[in-house]
Amino acid sequence: MKFGTKAIHAGQEPDPSTGAIMTPIYQTSTYVQASPGKHKGYEYSRTQNPTRHALQGNLAALENGKHGLVFASGLAATDAVLKLLKPGDEVIATNDLYGGTYRLFTKIYQDFGLTFRFIPMEDATGVASYFTERTRLVWVETPTNPLLNIIDIRAVCEAARRHGIRVCVDNTFASPYLQNPLDLGADIAMHSVTKYLGGHSDTVMGALVLNDDEMAGKLAFIQNASGAVAGPQDCFLVLRGTKTLHLRMERHCQNARMVAEFLAAHPKVGKVYYPGFESHPNHAVAKAQMRDFGGMVSFTLKGDDLPEAIRVMESLKVFSLAESLGGVESLCTHPATMTHASIPKAEREKAGLKDTLIRLSVGVEDAEDLIEDLRQAIEQVVGVEIASS
Ligand code: P1T
């Protein structure tokens, strides 16, 4: 079955009691049993819920995986993966990644005896040189947040497999429409469902999709035992969101390309970070492992002046200044003070993340309006270059 058909149908059957075509919101905590242990597959909603079950099946299908599990947030999904590890184990992670993931690793799990090393992975052949006898997991984010670095998933997975190390890929920025990590050899595909999968900035949720039955059993145990589950109302909203994922992603990608090209041609813009440019260091890898280049674009202004960058963000009218990404509406974020503030400045700068970086989540509005908004904001703050005749 092709992607659009799966997006609309996978995991969902007409409701058996009424024929309702949309999976109902089973807003219930518990289920009546005819006799102790004699029930219809549902005992308690932390353990299982029919609306959640439908969404888990839908997301598994979109990632070409066997098992889907949804959690109360993207970070709760990441937290569940870390609970597969033991004190003394080591995680090798991408050096450019969501600030909250870095915070969970270093501020919570380090105290439980896990160690984390953050390394550049753009040259995938070098990743194996960081493995030690204690390495149990490689954490890959690609495209990375917010620098849009591209990591060769297949190459990293091959190196990890040779050493018996698992790989989890945070696929949030790409969405399953653009990239399927399990097909490239990853053990787990992780999502902040809050972003493109939900797609409407109205839900916070996370997901894991995987093929391995034993690991899926352990993660389902953790999901129930730790209890950071997604509620049925949110699962319903995300089921509505995934039905248009393929349509939205096409427009996100088209608009982002136009915005990136506009910025790259603007005389007051410094560097534009966008994997769709042939000049992007790993453009060829992006082209090979992604269907298109995504809806995210980051940039700096020429001169790298922080007050100017802040004034540009304040001057945008169609783009809203807010954390998050992947919704239908365009957002603008200042990673240094917002999404990545929990990474120490020295660490951010080591990874190439400047305080002057502006991150755009390009929505599905009309591209002309988005470009005009960026133009007026930039030119209002830094002026227009007058061409000399
Ligand atoms: O916010 P939550 O659903 O818990 O997901 C965390 C998360 C995980 N991975 C990536 C790549 C993410 O971007 C996020 C959340 N990111 C933002 C809120 C942001 O604006 O970057």
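Restricting to Cα pairs below 8 Å that are 6+ residues apart, what does the relative contact order work out to for segment 303-387? Please round to a whole percent.
Values: 103 pairs, mean separation 31.2, N = 85.
That works out to 37 percent.
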Which of Thr244, Asn95, Ala60 sits closest to the plus end of the dipole of the chain, meaning its Cα is farthest towards the positive end, when Lys and Arg get +1 and Asp and Glu get -1 on the C-beta? Ala60
Quote the Stokes-Einstein diffusion coefficient, in whole µm² s⁻¹, for segment 237-365, based on the Kirkwood radius over alpha carbon pairs, a temperature of 20 °C and a viscosity of 1.002 mPa s. 138
In whole µm²/s, the translational diffusion coefficient that Stokes-Einstein assigns to segment 33-182, given a Kirkwood hydrodynamic radius over C-alpha pairs, 20 °C and 1.002 mPa s, equals 127
Using +1 at the C-beta of Lys and Arg and -1 at the C-beta of Asp and Glu, which of Ala72, Ala346, Tyr42 has the Cα lying farthest in the positive direction of the dipole of the chain? Tyr42
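Dipole magnitude of segment 242-356 about its Cα centre, charges +1 at Lys/Arg Cβ and -1 at Asp/Glu Cβ only, in debye to the nearest 20? Show your work: numbers first, answer last.
Details: 15 positive and 13 negative charges, 50 e Å.
Result for segment 242-356 is approximately 240 debye, rounded to the nearest 20.
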For segment 160-165, what does the Karplus curve 6.51 cos²θ - 1.76 cosθ + 1.60, with θ = phi - 60°, yield as ³J(HN,Hα) per residue in whole Hz, taken in order and with x for Gly and Pro? 5, 4, 4, 9, x, 9
Tell me the mean residue ellipticity at 222 nm calculated for the chain from its helices only (DSSP H runs of n ≥ 4, each -39500 (n - 2.57), averaged over every residue, nearest 500). -10000 deg cm²/dmol
Cα to Cα, under 23 Å, and not fewer than 8 places away if on the same chain: which lysines meet these conditions relative to Lys195? Lys2, Lys6, Lys66, Lys243, Lys287, Lys317
Whole-number accessible area per residue in Å² for segment 245-382, which is evaluated in the context of all protein chains at 1.4 Å: 41
Springs between alpha-carbon atoms under 10 Å, Gaussian network over the chain: tell me which of Ser192, Ser279, Ser175 tops the mean-square fluctuations. Ser279
Dipole check, segment 156-264, charges on Cβ (K,R +1; D,E -1), about Cα centroid: among Phe262, Gly164, Cys235 the Cα furthest to the positive pole belongs to Phe262
So which lysines pass the test for Lys107, namely a Cα distance under 17 Å, with those fewer than 8 places away in the same chain ruled out? Lys83, Lys86, Lys345
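Which whole number in µm²/s is D for segment 124-195 by Stokes-Einstein, with the Kirkwood Rh taken over Cα pairs at 25 °C and 0.890 mPa s? Each step should come with its number before you reach the end.
Numbers: Rh = 12.4 Å.
Calculated translational D: 199 µm²/s.
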Based on the Cα atoms of the chain, what semi-axes does the equivalent ellipsoid have, where each is the square root of 5 times one gyration tensor eigenvalue, given in whole Å with the largest first? 36, 26, 18
On the accessible surface of the chain, probed at 1.4 Å, how many percent belong to carbon and sulfur atoms? 53
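Which percent, to the nearest 5, of DSSP beta bridges fully inside segment 3-242 are antiparallel?
Values: 13 of 30 bridges.
That works out to approximately 45 percent antiparallel.
How large is the dipole of the chain about the Cα centre if only Lys and Arg carry +1 and Asp and Glu carry -1, each at its Cβ, rounded to the nearest 20 debye?
Working: 38 positive and 44 negative charges, 202 e Å.
It comes to approximately 980 debye.
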Segment 322-389: Kirkwood hydrodynamic radius (Cα pairs, Å) comes out at 14.0
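The values are calculated or read from the model by the stated rules, or taken from the named source; none is laboratory data. Bear in mind that the values here come from a model prediction, so they are computed numbers and not experimental data. Virtual Cβ from ideal backbone geometry, glycine too; neighbours counted across all protein chains shown. Just so you know, the surface numbers come from the protein's heavy atoms only, side chains and all, with ligands and any DNA or RNA stripped out. Shrake-Rupley method; radii C 1.70, N 1.55, O 1.52, S 1.80 Å.
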